[in-house]
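Structure, as structure tokens:
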Amino acid sequence: MEKLVVTGPTPLKGEVTISGAKNAAVAILPATLLIDGVCTIENIPNISDIKISCEILEQLGSKITWNNKNSITIENSNLTTTKAPLDLTSKFRASYYIIGAMLGRMGEIEVGMPGGCKLGARPIDQHIKGFELLGANVTVEKGTIYAKAKKLKGSPIYMDIVSVGATINVMIASVLAKGTTIIDNAAKEPHIVDVANFLNTMGADIRGAGTDVIKINGVEKLHGNSTYSVVPDQIEAGTFMLAAVATRGDLIIKNCITKHLESITAKIIEVGANVEDNGDSIHVWCNKRPNKANIKTLPYPGFPTDLQPQMGVVLSLANGTSIINESIWESRFQYTDELNKMGAKITAQGKTAFFEGVKKLYGAPVYSSDLRAGAALVIAGTAANGVTEIYNLEHIDRGYENIEDKFRKIGAKIERVNE
Ligand code: EPZ
């Protein structure tokens, strides 16, 4: 079993370069299935979710060549099956994008119910509603989703809930549909804009991504033969910004889009740390104990749920009592039990948690319950006095490229150990 061993406290200092966005890349790869030809995707994060995504595509007939560790060329001229491997698709969440892409390209797909981080109920009713409005027949039996359509037809689709996954999935399915699709109450996250930009580069006609109304005029085919570079990861950038604050460090975070980081920047300034926007990099430093602050997670441009645990580490060390209200997921406070093992004083009740700030955290053995919880524990271990051992690394490896390397380069004493 692997674990990360972190010895603290260390104020993180120096420069860190952000990778491509996981949640954009895991949608762009399946979206390439719409292209009857070749395309190259660059700035792909080298993480386990991407490796599984590539394996699924290969089993559908994609030819994938790794140009280097962050660039692949995909050729999808000869798809050989409409049955996606059930064991792989149920391993991660974004496998649901195979449905939208294969319905668009082949009119048929059989796929396992998506897996992913256990954050409470994760229904996909809005995805299914969207596909059905486009004319598909969708059934779910014994953990397998069967979706079929003769030819998808554009339609107005009102999302009952603001959903990142459903917005992207329906957008992907609509690209080759006959006529116009209008997605109302769409999610606005940067990765939605990035998937739309990718598809438009390949010949799609999508307008309004990044607003709550997205209009997709169906096109006959996508031409491929282009190269696309994935947007920098907003959540990885936010993770390092919060790591700088929690460890009272001084970091320059390079290759990020600072516009995507406004809600995080506002909270970092509220807790009394400093942020300087340098265009394509952001400088964050903190030389005193953070102030308390209250947070409510919201869809973009609100404070992202995917940075809630990392912010929780900052607030567990703040001067005073802070409140976090998690409005997206039912069960995203599992990490608070682990922080309490390290000396934090957090009480979580349902979707609300109260953080009575402590002056110091202390190293302890802790378990990562999901991806962002894992990142929060790495930050906590770096800020804490003594040795922290972090287990369940498979969660962290799903979404952070070489996390220990990046932390080590900015001063953390961190090792991956195979027990
Ligand atoms: C995406 O999940 C991200 N995953 C999550 O990131 C992120 O936490 C989440 O968006 C919110 O920003 C990927 O992009 C692969 P949703 P997704 O559909 O698409 C409810 C991480 O750590 N809902 O926006 O699954 C749902 O239960 C991960 O990187 C329905 O009710 O999230 C939730 O309460 C974790 N019916 C809310 O909507 C549906 O059909 C938002 O979910 C779909 C969603």
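Observations on the structure shown:
- Residue list for the stretch 332-376, given a label point 7 angstrom along the Cα-to-Cβ vector of Ala121 and an amide N cut-off under 20 Å: 332-334, 349-352
- Pairwise label distance in nanometres, Glu2 with Gln349, each label 7 Å out on the Cα-Cβ vector: 4.0 nm
- Each peptide in 25-31, 175-181 receives the mean, over its residues, of other Cβ atoms within 10 Å, and ordering these scores from highest gives 25-31, 175-181.
- Taking label positions 7 Å along the Cα-Cβ direction at both Thr139 and Asn402, the computed distance is 4.9 nm, reported to one decimal.
- For the stretch 167-182, 3J(HN,Hα) per residue [Karplus equation, 6.51 cos²θ - 1.76 cosθ + 1.60, θ = phi - 60°, Hz, x = Gly/Pro]: 4, 5, 5, 5, 4, 4, 5, 7, 4, 9, 6, 7, x, 10, 10, 10
- Net dipole in debye of the chain [+1 Lys, Arg Cβ; -1 Asp, Glu Cβ; about Cα centre; nearest 20]: 480 debye
- When you count the other C-beta atoms within 10 angstrom of each residue and take the mean per peptide, 364-371, 317-324, 306-313 line up highest first as 306-313, 364-371, 317-324.
- If R0 equals 25 Å, the separation of the Cβ atoms of Asp36 and Asn217 corresponds to a calculated FRET efficiency of about 0.85.
- Per residue solvent-accessible surface (Å²) - the chain, probe of 1.4 Å: 38 Å²
- The slack between Thr73 and Thr321, meaning 0.36 nm per residue of separation minus the straight C-alpha distance, is 84.3 nm.
- Fraction of beta bridges assigned by DSSP in the chain that are antiparallel (%, nearest 5): 70 percent
- You can think of it this way: the chain between Thr65 and Thr180 has 38.0 nm of extra reach, that is 0.36 nm per residue less the Cα-Cα gap.
- Per atom type, the stretch 310-419 shows carbon and sulfur on 48% of its accessible surface, probed at 1.4 Å.
- All C-alpha pair distances within the stretch 22-229, sorted into 5 Å bins from zero, spread as 1, 8, 18, 22, 23, 17, 9, 2, 0 percent across the bins.
- Computed on the chain, the Cα convex hull volume stands at 122 Å³ per residue.
- Residue separation of Asn294 and Ser226 scaled by 0.36 nm, minus their Cα-Cα distance, works out to 20.0 nm of gained length.
- Each peptide in 337-348, 78-89 receives the mean, over its residues, of other Cβ atoms within 10 Å, and ordering these scores from highest gives 337-348, 78-89.
- Approximating the spin labels as points 7 Å out from Cα along Cα→Cβ, the Thr80-to-Asn255 distance works out to 3.4 nm.
The values are calculated or read from the model by the stated rules, or taken from the named source; none is laboratory data. Note that this is a predicted model, so its numbers are computed, not measured. Counting neighbours? That spans all protein chains shown, and the Cβs are built from the backbone with ideal geometry, glycine included. Note: areas computed on protein heavy atoms with side chains; ligands, DNA, RNA excluded. Shrake-Rupley method; radii C 1.70, N 1.55, O 1.52, S 1.80 Å.
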